[in-house]
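The values are calculated or read from the model by the stated rules, or taken from the named source; none is laboratory data. Not measured: the values here are computed from a predicted model. Using ideal geometry, Cβ is built from the backbone for each residue, glycine included, and neighbour counts are taken over all protein chains shown.
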Amino acid sequence: MTPIAQHPAAGERRLRALEAVAVVLLFVATTLAANLFQPPISHRGGAPWDAEGYVFMARRFAEGMPLAGTAPFVHRLGTPYLASFLDLSDPVDAFRRVNLVANACATLLLWVWLTRFVARPWIRILLCGLFVTHWNGFTRFVFYLSPITDPWALVFVLVGLLALDELGRDSRAAERPWLLVLLGGTVLVGTLFREFVAVLGVAALLARNPIVLGGDRPVTVRFAEMLPFLPILGCGLVGIVLSHGLVTATNDYSFAANAWWFLWNKPPATYLLAWLEMFSPWFFFVVYDWRETMRFGVRHQAMLVFLAAIAGISWVGGGHTERFVLWASPVVLALVGRALERHAHALTVPVAALLALVTILVGRLFWAIPDHPPTGFGSKLLLFTTLGPGTGLFDLLTFTQTASRVALADLQHLAVGSLLLVWLRSRRAQAPRREASFQASTGSVA
């Protein structure tokens, strides 16, 4: 008998399943490699700086003690609460286990998110690979510094963005109460893990793209489209109130004072380098495709607001700028994927090799995160990242590098970006000639 032809939808589902398996294998391979080759930071027993505050809070939860600690870390209740259910005789291991679950969820959610904007499977797999293999990405970083709260916060961000996108795509979505409840709950609970999740409440006001450009007026704001989402903004505010009301800060901390200090003391070159460190060289596809990127922002205003808010927070939020920038990765990677799809023809073998080399260096794919303080001595080479036996963590973080090294690193990234932009422009100029040559060879009429 002749076999029945397979339904296209079934074939597409099979390909999608294989793609999901590929993404899972990428995550598992990166996790196993980090577990084998990434030593934890030795400073203060593996829990320095903010990590010390999170471990302290986990112990308070486990012992049933009043919730008091150092601000702002005391307000980030979620991850310490989850870690308190595990054996805190080794708190670093407890936080690592909790965050490994978050990393797995975030990787799968990112892939689902990308399927909504990027059509080509190989590009989605590439973007997920960039996300999980970067040294500053949480998949690797939690093996270096485990007591952090960002991995679970990113999970809530991805769930919230997926809900926002669904609300924006379907005019009847706002009539589905469960979707609004999901979004509100995500914002409220997520804010208890990390305060910046409340930004989703602001972004929700623009879920239905209420700002209209052109027409009788240059700009028209349809406030009626924003009203159904005011409760989501309220959920974010409630989350912030709860995160402060349930605990007692034992120090005199002011977010406004902290933000003001970083506003004036974080150099623009350092801020730029943090974004380049996280998304170069692929972000230059977005730069080249800036017109379509702006049109995309007009059609997805909630994403644009979220990206703008993270851009602001990453400047004034603290010294580890790269970690703040990573919060924007769902939106940035979606933009990269869409731009890459439109210009994939430019990926010749030499260009792809250059992009791969820079990606390997920037992400430190074959180098572990160095200890702090440095355990070795010797010369250091700056080639998109700092290499050499004397390298320490502060040689990698943009805010703690010297001004001269920041400038040199910026120049290296911008040089590669300029080459890529020139190449993309030349390929665009050659496109009409290639089309004319093709038509002539086939006898086509223009």
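Could you name every one of the helices (runs of 4 or more DSSP H) located completely within region 185-279 that has at least 2 residues being in contact with a helix residue (DSSP H, G or I) (Cβ under 8 Å, 6 or more places away or on another chain), among the aliphatic types (A, V, I, L, M) and over 22 Å from Y54 (Cα atoms)?
Qualifying helices (runs of 4 or more DSSP H): 199-204, 230-245, 268-279.
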- Tell me, which helices (runs of 4 or more DSSP H) wholly within region 108-179 include 3 or more residues that are in contact with a Lys or Arg (Cβ under 7 Å, 6 or more places away or on another chain)? 150-169
- Task: Mind counting the residues in region 360-374 that are over 25 Å from F131 (Cβ atoms) and free of Cβ contacts under 8 Å to residues at least 60 places away in the same chain?
- Result: 1
- Screening L180, L127, L188 for residues that are more than 21 Å from R338 (Cβ to Cβ) and either touching a Gly at 6+ places or on another chain (Cβ under 9 Å) or of a type in the set (K, R) (or both) leaves only L188
- Message: With the structure loaded, tell me whether A308 is surrounded by fewer than 20 Cβ atoms within 10 Å (Cβ to Cβ) and either under 17 Å from W275 (Cβ atoms) or at pLDDT below 95 (or both) or whether it fails that test.
- Response: yes
- Considering R16, R44, R59, which residue is under 26 Å from the mean Cα position of the chain (by Cα) and part of a helix (DSSP H, G or I)? R16
- List, please: which pairs have Cβ atoms under 9 Å, are six or more places apart or on different chains, and start with a residue in region 77-106 that is among the acidic types (D, E) and end with one that is part of a helix (DSSP H, G or I)? D87/D93; D87/A94
- Message: Can you go through D165, D93 and tell me which one is of a type in the set (D, E), at pLDDT 95 or above and over 13 Å from the mean Cα position of the chain (by Cα)?
- Response: D93
- Message: I'm trying to understand the selection: among the residues of region 232-280, which are of a type in the set (V, I, T) and either under 30 Å from L361 (Cα atoms) or free of Cβ contacts under 8 Å to residues at least 24 places away in the same chain (or both)?
- Response: V241, T270
- Query: Looking only at residues in region 299-316 that are without any contact (Cβ under 8 Å) to a residue 24 or more places away in the chain and of a type in the set (A, V, I, L, M), which one is farthest from W327 (Cα to Cα)?
  - Reply: A308
- Task: Starting from region 415-442, take each residue that is under 28 Å from E277 (Cβ atoms) and modelled with pLDDT of 70 or more and list its partners that are exposed (fewer than 13 other Cβ atoms within 10 Å of the Cβ) and not small (G, A, S), counting only C-beta distances under 8 angstrom and pairs at least six apart or across chains.
- Result: R427/H345
- Item | Residues satisfying the stated conditions in region 381-391, i.e. out of contact with any Lys or Arg (no Cβ under 9 Å at 6 or more places or on another chain) and either outside any loop (DSSP other than H, G, I, E, B) or under 24 Å from R44 (Cβ atoms) (or both) | L381
- Of (1) touching a Phe, Trp or Tyr at 6+ places or on another chain (Cβ under 8 Å); (2) of a type in the set (S, T, N, Q); (3) within 27 Å of P48 (Cα to Cα), T375 satisfies all except one. Which? (1)
- Query: Among the residues of region 199-206, is there at least one that is in contact with a Ser or Thr (Cβ under 9 Å, 6 or more places away or on another chain) and either buried (at least 21 other Cβ atoms within 10 Å of the Cβ) or in contact (Cβ under 8 Å) with a residue 12 or more places away in the chain (or both)?
  - Reply: yes
- Could we say that A58 is in contact with a Ser or Thr (Cβ under 6 Å, 6 or more places away or on another chain) and either closer than 24 Å to F366 by Cβ or modelled with pLDDT of 95 or more (or both) here? yes
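Identify, please: which residue in region 368-388 is out of contact with any strand residue (DSSP E or B) (no Cβ under 8 Å at 6 or more places or on another chain) and on the phi > 0 side of the Ramachandran plot and is, among those, modelled with the lowest pLDDT?
G378
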- Do you know which residues across region 215-253 are surrounded by 15 or more Cβ atoms within 10 Å (Cβ to Cβ) and not hydrophobic (A, V, I, L, M, F, W, C)? E225, P228, P231, G236, G239, S243, H244
